[in-house]
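Q: First, the structure itself, so that you have it in front of you.
We did not get these values from a lab; they are worked out from the coordinates using the rules stated. Remember, it's a predicted structure, so these values are computed and weren't measured experimentally. We place every Cβ from the backbone using ideal geometry, glycine too, and count neighbours over all the protein chains shown.
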Amino acid sequence: MQISTIYFLMGNPEGGGDGAIINLLFLGALFFVFYFFIIRPQSKRQKEVQKKVSEMKKGDKAVTSGGMIGIVNTIDEETVLLEIDSGVKARFQKGSITDVNPGKNK
């Protein structure tokens, strides 16, 4: 093969602007997928948990991030006293509460 034939088979040496547009479209589609399938559902779940914790009252069943399950005994501004077993109480911060089931004390 001659050098001139190889040069023509390589394509446009300038590269054109089409590749940049395709890359931007791909990044936009990737952001769209991450937002609607990962970020948005997680933020909705976090808002639900915050609402449940703010509406928590004595007698509700609560689950902490460490896996402790107990019945709400007292509620302070930043902490919650949970009765884990009969006579066993532990104080947790409200931020560590991951789920609240109102009225379930079993």
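Q: Mind giving me the FRET efficiency for Asn73 and Glu48? R0 is 30 Å, r the Cβ-Cβ distance, nearest 0.05 is fine.
A: Details: r = 23 Å, r/R0 = 0.78.
In this case the efficiency is close to 0.80.
Q: Given 0.36 nm per residue, what is the gain on full extension from Ser86 to Ala20 after removing their alpha carbon distance, in nm?
A: Here the segment from Ser86 to Ala20 would lengthen by 17.2 nm.
Q: Still on this structure, please answer the following. Using all C-alpha to C-alpha distances in segment 56-106, build P(r) with 5 Å bins and read off the rounded percent in each one.
A: All Cα pairs considered, the percentages come to 5, 25, 39, 25, 5, 0.
Q: Right, something else. Given R₀ = 41 Å, what would the calculated FRET efficiency be for Val33 paired with Ser96, taking r from the Cβ atoms and rounding to 0.05? Kindly include the intermediate steps, with their values, before the conclusion.
A: Working: r = 31 Å, r/R0 = 0.77.
Plugging the Cβ-Cβ distance into 1/(1 + (r/R0)^6) gives 0.85.
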